[in-house]
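The values are calculated or read from the model by the stated rules, or taken from the named source; none is laboratory data. Everything numeric here is computed off the predicted structure, so don't read it as measured data. For neighbour counting, all protein chains shown are included, and Cβ atoms are generated from backbone atoms with ideal geometry for every residue, glycine included.
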Amino acid sequence: MLGALAIVVGVFGVLDSGAPIVNLVRHPAFVQYLAVGDFSEPVIIQSTRESALTLSLQIVPFGVEEKLLMSRDITRLEAVARVRRDFIANVSHELKTPLTVLAGFIETLTDIDMDERQRQRCLALMREQANSMQRLVEDLLTLSALESEQLVNEGEARNADGSCSESQAAGALRAFADDVGGLVKQLDPNHLVGLGTISGECGSNEADYALIHASAPIDLCDYHDYGFPTSPLGNTDPYNGLAASQGRCAADGKAFMVGEMGIHYEALSTPTLAARASLFDAKLAAQFAAGSVGELIWNWSNTASDIAPRDLEITPGDPTLGLLTKY
């Protein structure tokens, strides 16, 4: 965190240790944020050192009376948001024209008898306008993909009846990764792209996990760790477990990330926040040591409660937040 702050607002760990935070981050919006004391949402500021950078800052309580300042560079997200606003401002006009043309030709073909030459001419123009709308839809899909590092989340390619044809599903996911991932890379070569498909699903079972992540535009493999609270390396299944999936990812030459990790609070033999934090600590230590480049703990909630947490929520004051400064 200090590295990000040092770049953006000029905070340096040893030299500035113990100094009041308002002496270091003097942006008026941040000072007002502290004065109001409502930390349920982050405050967005522009860097005072790097004018092109936009930073999201949020205060998160943890421990007894401690507070954690979380900083995130959201410059790219802000740029994508501007692109999306501009696109939405224009899309209604761009869609209106082909829809009007199609509606007109449909009415004409319905009400008027035409010879074959005229009919084919109308159909050709309708096809042209339909292709125009198809391009707009593709642009919308690409824009959606640019807003996240994942193209999909836990994506599968099942048949219409819900059954799975594994080889066909793997082919569909690989084609999707090649096509949509390729479009994203064309627009932003530096954008980090993950397919978002985890192992053991329809189209990503066993060796097919490696097949779909071998797609050139895909930068990293994703894995989700649920249901194994006391196992530091999560699922140890030799076919679709964490270690097996990471090995396949390494064979593809791709980075490996645990994109979701959750521990059901009420399922613990000792349901305390400290016990859950200890389990998360063991998982983070083991998975980083095994080569994971990133971990995401599921899921954060800004709502503090006197009632013990239910299900997966991490709330203000949870000792798990202290792990953010450890790893």
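Identification of helices (runs of 4 or more DSSP H) wholly contained in the range 154-268 with 2 or more residues that are within 20 Å of the chain's Cα centre (by Cα) and farther than 28 Å from I297 by Cβ yields 166-187.
Need pairs with beta-carbon distance below 8 Å; first residue over 17 Å from Q58 (Cα atoms) and assigned to a loop (DSSP other than H, G, I, E, B) and within the range 301-323, second modelled with pLDDT of 75 or more and among the aliphatic types (A, V, I, L, M); sequence gap 6+ or separate chains. Note: pairs meeting the criteria are P309/L273; L312/I263.
The set of residues in the range 1-52 being touching a strand residue (DSSP E or B) at 6+ places or on another chain (Cβ under 6 Å), modelled with pLDDT under 50 and surrounded by 15 or more Cβ atoms within 10 Å (Cβ to Cβ) consists of A4, L5, V8. The single condition among (1) within 30 Å of D178 (Cβ to Cβ); (2) not in a helix (DSSP H, G or I) that D113 does not satisfy is (1). Checked against the criteria, G259 does not count as on the phi > 0 side of the Ramachandran plot and at pLDDT below 95. Which of the residues that make up the range 282-314 are at pLDDT 85 or above and among the β-branched types (V, I, T)? Within the range 282-314, V293, I297, I314 qualify.
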